[in-house]
């Protein structure tokens, strides 16, 4: 459908009311659809449907054992909390939209707010103004009618893009493509888009609810509870029917009503289902955005991120901000970081360092090639090779020179590489002075040189080069100037030219981590250019496969090139990048670097950033090949190596180029995904933006594999008020204040980042830990039930009284469980734990004072009975005694890494080594243990492990270590394999990472100890 927009005639335009305004909206709800849409989203989850079903069944008086309000009240409250949080988040999105919509924008006739822009308005933008909507460029202050835009807010790219006359289809979300036609008479424009029809508006999409790793695990564990609950209901239902058929008939005096055959099959099982539904408290129901208690905790975590003074950008004084409050805890679950290089790891500030011109090398990696004396002498003498090299540097680009107010020349470049090359050429006396239309003016030394730009062959990620066709205005010659990656230039060199020296230069510069570009040119004949130009214009005007046809035509011209030289540009790493990556890798996080640089450059940058470790600690595996079979064999070989070295401490990484990556993703998806999971580090070089997106879709998270009564008539032991309060208050408040708990201090975590592996490996929340807590709760339930029943078995007590005793026992146990599981106490935590216990008695005293309640006077009577308090003491002792004993055993004899650090924090002593946190994996292929070579610092203090007992072997080890700690120690004396040493029951002396077996048959062991001033020595040790 064509759009005809009348320019600057928004009032009388016949199409004025057909198009939307310029308001943008990221809101998820409106006032009209909030309630139905939110309820629909919440009830789209199975567990929410389950709780709704339970609440509806409570309305059936025949089967409900409690007052329906005990279920409906908490259900409505919890859903209201979730809806309120959703409304609050949506309101914040509305405020953000309002701030963006009310920005001041100037149109030709007046100044208006951004959201008041109408289709057809002429918008006036000044330098560095934000583009308020999709605009068609009509005119600029530039003589050529061009403007540069930055799309960092859209795609993160800080490079400048050129915009001019364009064509575009109907509104779509592709920010890299826009086609539109401008007609001067009559004054209207086809296809002008505003608001949510802009590229940005259509790219946003509908916000989807996010599910964290913990949410998914809770969902599964809640499902396991549900299955267990169904089993219990079936068992109790059968037992209830059996009891009814055997015992109920004997109790003729009770006058049970006559029931139909459906009673046994339906009523009794449903009654037990309602009784057992408390196994999944509504306060931890799995709602759309997780459990409500945890939902509020997540909001607090997000606020802690916003308030963190250590997370402020010092340059801009911008604090951190959590835009999504539902996934805060996933920061501790991050296992993979995929990062670009330029502008992410580096400063994106290019500096021209070295170059190779016609086989001559100029500059060095520590200096600036523009200050090289040999190069300056060659320029002064007018060396033709150097002049042509500098000409390509200055012209083969899309840079626009601009005169500043002070008269200096400023360059507007689309990329930092082009900016660095043009500035370097200017320093070397080849200055790009101005660009008037298609005429470029250069100033070399004192001479003015002019070129006419005939065609520009723009850079693409597929071609990996760009070219310009120019006419030398001095002699009329037509020249093709090209620059690009080595694989895009060197293979197209003229047959007679030797390119070996340029290949060596590229390899040498890449080893230094520099960005390399090859420069070339070719002189064209007039008829050759005319023939090619007609094909290029035809390809540019085609509507089908235009980009492919343009690339094909460009390929015909960019051949038989004369390679002029190689440039090397440095892009410095940002401050703190290596240290940050090192810390994150110690925390067990896997890193992927996706870059368009060549392989050697990417590897050197990875080494500089601490992505990979140098030999011998690190090992780099290469996946290469140009065909499907070659890539398959290479991938299989690397995958086999990864499997066999999985249990070794060696840091193994793999590197793959864009060509092999394309084949691997297309034909070997499963094998490549397995390789991605096994590898700690991956380097993808020469990759395109589309390949980066494909890698981002890999499911990199590894799959974790885990080996390993009263009458049954269906009557609730607890009253309805107690059930309601238990669901809403007693089980939720302690969880909420746990947000203030810290298992370790920030300083300890930063000193030992590998402790994060506990979170990533799922050790804190998995089926195993869930089974432990489920078993603990089952044990506590048995303790409470048995002690409560037997304590009041011989007293004339009502069921409500026994139920209150049991509920009191639950609350007391809950308080002590939360206490022993809390690591760092604050006043709020004490108030929550013990205040919750006091509130329990206050609430029940108030309810007991109401004559119409079923608990009338019960709490008053119980509190006056010594047996009640003795029962509470027995419940706490029986319930917490075994738990405390198990915790003491684990902390003392089998402490985890977290326990070790906690103990060090409490005692104030340092922990020098935590060892390997990752679980040992079974080695698939036994290998000989190669002789180790460990260098120990001369001033290094002996390693002391305070948790080890001072056994004779420990004292012997410490004595030997103190003897050799002042020298550089190299172990050369054992040729046994680890299996042989282990089978021979040899003693082991530990030197940090060095294991020295003392075999019983060895009378003396030689340790080569280099002396400080040359020579060597031998230390003899008798076992």
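Where a number appears in this text, it was derived from the coordinates with a stated rule and is not lab data. Everything numeric in this text was worked out from a predicted model, so none of it was measured. Note that each Cβ is placed from the backbone with ideal geometry, even for glycine, and that neighbours are counted across all protein chains shown.
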### Task
Calculate the spin-label point distance for residue 667 paired with residue 530, positioning each point 7 Å from the Cα along the beta-carbon direction, and give it in nanometres.
4.7
### Message
Students often check this: by mean Cβ neighbours within 10 Å, which of 342-352, 585-595 ranks highest, and how do the rest follow?
### Response
585-595, 342-352
### Query
Ranked from highest to lowest mean number of other Cβ atoms within 10 Å per residue, what is the order of the peptides 371-384, 482-495, 227-240?
482-495, 227-240, 371-384
## Note on the structure
From the Cα centre of the range 405-448 to that of the range 843-896, the distance in Å is 83
### Summary
Ranked on Cβ counts within 10 Å of their own Cβ, fewest leading, 861, 680 go 861, 680
#### Entry: Alpha-carbon Rg/Rh ratio, for the range 349-570, with Rh computed the Kirkwood way
0.95
### Query
Which order do 575, 215, 462 fall in if you start with the one that has the fewest other Cβ atoms within 10 Å?
575, 462, 215
### Message
If R₀ is 45 angstrom, what is the calculated FRET efficiency for the pair residue 749 and residue 26, using the beta carbon separation as r and rounding to 0.05?
### Response
0.85
### Summary
Contour minus Cα-Cα span, residue 34 to residue 360, at 0.36 nm per residue, comes to 110.3 nm
#### Entry: Residue exposure sequence - 329, 523 - by fewest surrounding Cβ within 10 Å
523, 329
### Query
What is the spin-label model distance, in nm, from residue 771 to residue 580 if the labels are put 7 Å beyond Cα along the C-beta direction?
4.1
### Task
Take the range 575-696, drop everything but the C-alpha atoms, weight them equally and run the Debye formula without solvent; then report log10 I(q)/I(0) at 0.13, 0.16, 0.18, 0.22 Å⁻¹ to two decimals.
-0.48, -0.74, -0.94, -1.38
### Query
Taking 0.36 nm per residue of separation and subtracting the Cα-Cα distance, what length does fully extending residue 266 through residue 633 add?
125.9 nm
#### Entry: Label-zone membership for the range 640-682, site residue 487, 7 angstrom Cα→C-beta point, backbone N under 14 Å
655-664
